[in-house]
Amino acid sequence: GINAEYMGADLKKDYDAIAEVSEEFRQYSFEEFCWARMTASSRIFGLNINGQKTDAFVPFADMLNHRRPKQTSWTYDQEREGFIIEALEDIERGEPVYDSYGKKCNSRFFLNYGFIVLNNDGNEVALKVSFDKSDPLLQRKEQMMQESPKDKIFRVMSSVEENNVLEFFAYLRFVELRDQNKLVYLYGVYEANTNSEEREGYKPQKTPPVSIENETDMLKKVKQLCTEQIDRYQTTLEEDIELLKKPDLTENQRNCVLLRQGEKEILHFFVQMVDLVLPLLSQPLKVVRKQIIQPKYQQYTEYINKSVIPLLTKENK
């Protein structure tokens with residue numbers, strides 16, 4: 001899947017960085033490093049001991065399987081000087097005891113722990129946003145950010161209420177903005193709300209909706225990025241659904257298909273969103289208010305109410 005590619009690239013960066021400063025480390029291959037890294041990261045617990053954050057291996061505790069909502073909670077008890085697991089509900093004798101590994105994407109569950117969670121509401125897909133080098137306002141944007149524009153990866157979920165998605169939309173607004181007056185306006189708001197001593201550069205991921213034109217460009221870019229990602233897969237979402245009906249798939253094969261299916265579902269979520277929402281920006285406000293009560297708009301209501309409606313209201317004034 002797409003997420004696995006990015007995770008593999010991150011692991012390679014870590015491997016190269018360590019190999020560059022440690023001659024002894026170079027005797028181990030990248031594959032051996034990945035095995036050790038995954039073995040450790042899938043078993044450690046993040047603890048706070050005497051006010052210090054640390055990680056620890058906890059025998060037996062690392063054998064608990066995953067379940068959400070969580071059945072138990074764990075912590076390091078300072079008074080008892082030990083790792084404590086407490087049940088949050090009655091557990092019958094002989095029944096398995098579960099831990100919650102948290103709300104995670106299936107790419108993390110599969111690569112770190114070797115399993116897939118069905119109907120996982122924690123699924124996400126990585127989308128890379130790049131500045132257009134031919135943008136006539138690129139130099140001005142660089143001055144605002146106080147740094148050179150860099151590619152940024154957003155891990156988005158199929159929800160318009162998740163913070164990562166909101167920042168993804170906001171960042172794209174800034175990247176796609178071609179109106180110099182709006183750019184000046186954004187920086188003016190930034191200066192007015194930030195003390196001069198605290199200014200570290202404008203944060204594109206905080207960009208609010210500024211105009212119907214910019215919002216239109218942002219949504220078109222969302223669809224473009226998602227469509228390009230969909231086209232990178234060798235199979236379609238429909239083909240994956242058919243593949244999963246085959247009884248002879250191995251567990252790993254099935255998990256791989258489920259993994260990429262989850263990514264594709266998110267990408268299709270945003271393509272469908274743009275196809276539904278984009279036409280609203282060119283319609284009268286009264287028409288839009290009547291239209292969005294239809295069930296097909298329900299999962300995008302938060303975005304429509306906080307972005308589309310305010311822009312149309314402003315346009316009507």
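Pull up the DSSP beta bridges for the chain and report the antiparallel fraction as a percent, rounded to 5. Expressed as a percentage, antiparallel bridges in the chain total about 90. Under the simplified labelling scheme, the Q143-E315 pair shows an inter-label distance of 3.1 nm, with each label point 7 Å from Cα along Cα→Cβ. Look at the dipole of the chain built from charges on Cβ: of H268, C34, M7, the Cα furthest out on the positive end belongs to H268. Region 144-164 and region 187-227 have Cα centres spaced 11 Å apart.
Taking label positions 7 Å along the Cα-Cβ direction at both W35 and E200, the computed distance is 4.1 nm, reported to one decimal. Cα centroids of region 276-317 and region 1-77: 45 Å apart. Judged by the mean number of other Cβ atoms found within 10 Å, the most tightly packed of the peptides 146-154, 180-188, 211-219, 306-314 leads the ranking 211-219, 306-314, 180-188, 146-154.
Three principal axis extents describe the C-alpha atoms of the chain; from largest down they are 67, 51, 43 Å. Shape analysis of region 126-192 based on the Cα gyration tensor places the equivalent ellipsoid semi-axes at 22, 15, 10 Å, largest first. Among beta bridges identified by DSSP and lying wholly in region 57-143, the antiparallel ones come to about 75 percent.
Using Cβ point charges alone (K and R +1, D and E -1), the dipole size of region 188-279 about the Cα centre works out to roughly 100 debye. At q = 0.12, 0.29 Å⁻¹ the log10 of I(q)/I(0) for region 238-302 amounts to -0.49, -1.21, computed by Debye summation with a single uniform scatterer per C-alpha, solvent ignored. Mean residue ellipticity, 222 nm, helices only, the chain: the sum of -39500 (n - 2.57) across DSSP H runs of n ≥ 4, divided by residue count and rounded to 500, is -14000 deg cm²/dmol. Based on C-alpha pairs under 8 angstrom that are at least 6 apart in sequence, the chain has a relative contact order of 15 percent. Short-range pairs are left out: with C-alpha atoms under 8 Å and at least six residues apart, the relative contact order of region 177-317 is 27 percent.
Peptides 92-98, 298-304, 133-139, 168-174 ranked from most to least packed by the mean count of surrounding Cβ atoms within 10 Å: 168-174, 298-304, 133-139, 92-98.
Converting phi to 3J(HN,Hα) with the Karplus coefficients 6.51, -1.76 and 1.60 and the offset θ = phi - 60°, region 199-212 yields 6, 10, x, 5, 9, x, 6, 10, 5, x, x, 10, 6, 5 Hz in sequence order, with x at every glycine or proline.
Charging the Cβ of each Asp and Glu at -1 and of each Lys and Arg at +1, and nothing else, the dipole of the chain about its Cα centre rounds to 1360 debye.
At a threshold of 8 angstrom on Cα-Cα distance, excluding pairs fewer than six apart, so keeping six or more, what relative contact order does region 208-271 reach in percent? Once normalised by length, the contact order is 47 percent. Over region 1-132, the fraction of Cα-Cα pairs per 10 Å bin, rounded to whole percents and listed from the shortest bin up, is 10, 30, 33, 21, 6, 1, 0. Specify which residue in the list I84, S100, Q71 is farthest towards the positive end of the charge dipole of region 65-113, using unit charges on the beta carbon of Lys, Arg (+1) and Asp, Glu (-1), about the Cα centre. Among I84, S100, Q71, the one farthest towards the positive end of the dipole of region 65-113 is S100.
Think of the chain as having a plus end and a minus end, set by charges on the Cβ of Lys, Arg, Asp and Glu; of Q234, L118, P295, P295 sits farthest toward the positive end of this dipole. Evaluated with a Cβ-only charge set (Lys, Arg +1; Asp, Glu -1), region 91-219 carries a dipole of roughly 280 debye about its Cα centre, given to the nearest 20.
Using the Cβ of A87 as centre and a radius below 13 Å, the other residues enclosed give a net charge of -3, where K and R count +1 and D and E count -1. Here r is the Cβ-Cβ distance between K246 and E5 and R0 is 25 Å; the resulting FRET efficiency, rounded to 0.05, is 0.50.
All of the numbers you see were taken from the coordinates with simple rules; none came from a lab. Bear in mind the structure is a predicted one, so any value in this text is a computation, not a measurement. Ideal geometry is used to build each Cβ from the backbone, glycine not excepted, and the neighbour counts take in all protein chains shown.
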